[in-house]
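A short worksheet on the structure shown next.
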Amino acid sequence: MTVRLGTRGSALALAQAGRVRDAIVALGEPCELVPVTTVGDVSRASLAQIGGTGVFAGALRSALAAGEVDLVVHSLKDLPVAPAPGLVVAGVPEREDARDALCARDGLALADLPAGAVIGTGSPRRHAQLVDRRADVEVVDLRGNVDSRLARVRDGELDAVVLSWAGLARLGRLDAVTEALPLDEWPTAAGQGALAIEVREADADPATTIGRVVAALTDPAARDGAHAERRVLGRLEAGCAAPIGVASTIGDDDAVLWASVHRPGGGDRIDRRRVVTWAAGGRAEALDAAADALADELLAAGAAELAPLGAAS
């Protein structure tokens, strides 16, 4: 069989899916990319207006459920927390750097931008984080692919944009980065830097061709860390576009999981951190427990009153 891999048609999505396709071919299975157009690719409205980053996943999931493709590749940070009926995230390959990256004019870092500088982002989380650190800048909503966003800085329309390091790396555009924003101070979207390989439930069985190749592509540490980050969102009943940053570092026998919940538009936030250890073979369970405890601490500190929760997507 030729494995049909569904992907969005943007340059970044095709680059990401192309890596997965090449890995599947290296395992001895023919594979072809099948581009799928999503609402998020067509609409120019802000993500908040059209339903958050989850709009990118809907058409891919529909194609998968209908049997038009055999698996789909998502940016995990854009995948709704709630599972789709009959589908399962069966694989998470090795994770790219999870940090956000500032791409500014004249090689400037965030602290060096002048007062009144205009910074573009389509993320409510990044908007709040920018305002929390630089209340004197103007943050504007931004849509479009990576190249069009960078062009608006190059052409002088914006002073800077904030993008994911992972996306820039996959497109070979790290030359545009003027500052990597430190993850311990600037937690990013849950699962940022990771890819999700979603399949139909029946195909997740390692006895099937799809199940076998997806299992071979999975990095357990990336899978467990990203799952714990997304579990925090699920416990908070927060969608993937909520102004919440979640990050983790995974060691051999310990991990750190932390999160920040922001007031929409910035100006106030709640930060909490958990350190977790485990015995042999107990990493996933320990991380799940830490994620639940971290979310409960955030709720006890007033997260539900600070940010719009209770509408997980």
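The values are calculated or read from the model by the stated rules, or taken from the named source; none is laboratory data. These numbers come from a predicted model, not from an experiment. Don't worry about glycine lacking a Cβ; one is built from the backbone with ideal geometry, like all the others, and counts go over all protein chains shown. The area values use the complete protein model at the heavy-atom level, side chains included, leaving out ligands, DNA and RNA. Shrake-Rupley method; radii C 1.70, N 1.55, O 1.52, S 1.80 Å.
A few points about this structure:
- The string of couplings for the stretch 19-28 from the Karplus curve (6.51, -1.76, 1.60, θ = phi - 60°) is 5, 5, 4, 4, 5, 5, 4, 5, 7, x Hz, one whole number per residue in order, with x for Gly and Pro.
- From the C-alpha gyration tensor of the stretch 244-313, square roots of 5λ in Å: 26, 12, 9
- Share, in percent, of DSSP beta bridges within the chain that are antiparallel, nearest 5: 70
- Distance between the pseudo-spin-label points of ASP22 and ASP184 (7 Å out from Cα toward the beta carbon): 3.3 nm.
- Only Cα pairs under 8 Å and 6+ residues apart enter the sum, and on that basis the relative contact order of the chain stands at 21 percent.
- Inter-probe distance in nm under a simple model that places probes 7 Å from Cα toward Cβ, at ASP155 and ASP254: 5.1
- Distance-filtered residues of the stretch 158-185 - backbone nitrogen under 12 Å, label point 7 angstrom along ASP219 Cα→Cβ: 166
- Helical runs assigned H by DSSP (4 residues or longer) give the chain a calculated mean residue ellipticity at 222 nm of -10000 deg cm²/dmol, each run adding -39500 (n - 2.57) before division by the residue total.
- In this structure, the amide hydrogen of ASP219, modeled 1.01 Å from its nitrogen in the peptide plane, lies closer than 5 angstrom to those of VAL92, GLU94, counting only residues at least 5 positions away or on a different chain.
- FRET efficiency for the pair VAL88 and GLU32, taken as 1/(1 + (r/R0)^6) with r the Cβ-Cβ distance and R0 = 22 Å, rounds to 0.50.
- Once the Cβ-Cβ distance of VAL140 and ALA169 is raised to the sixth power relative to R0 = 35 Å, the FRET efficiency obtained is 0.90.
- The residues of the chain present an accessible area of 41 Å² per residue when probed at 1.4 Å with all protein chains retained.
- GNM remark for the chain: springs join alpha carbons under 10 Å apart, and the peak mean-square fluctuation among CYS103, CYS240, CYS31 falls on CYS31.
- Expressed to the nearest 5 percent, the antiparallel share of DSSP beta bridges inside the stretch 100-194 is 55 percent.
- Debye-sum result for the stretch 145-296 in log10 I(q)/I(0), which assumes one identical scatterer on each alpha carbon, at q = 0.13, 0.15, 0.18 Å⁻¹: -0.74, -0.94, -1.17
- Structural size metrics of the chain, computed from C-alpha coordinates, are Rg and Dmax of 19.0, 59 Å.
- Mean projected area of the convex hull spanned by the Cα atoms of the stretch 65-115, taken over all viewing directions: 6.7 nm².
- Ranked packing of 245-251, 136-142, most packed first, by mean Cβ within 10 Å: 245-251, 136-142
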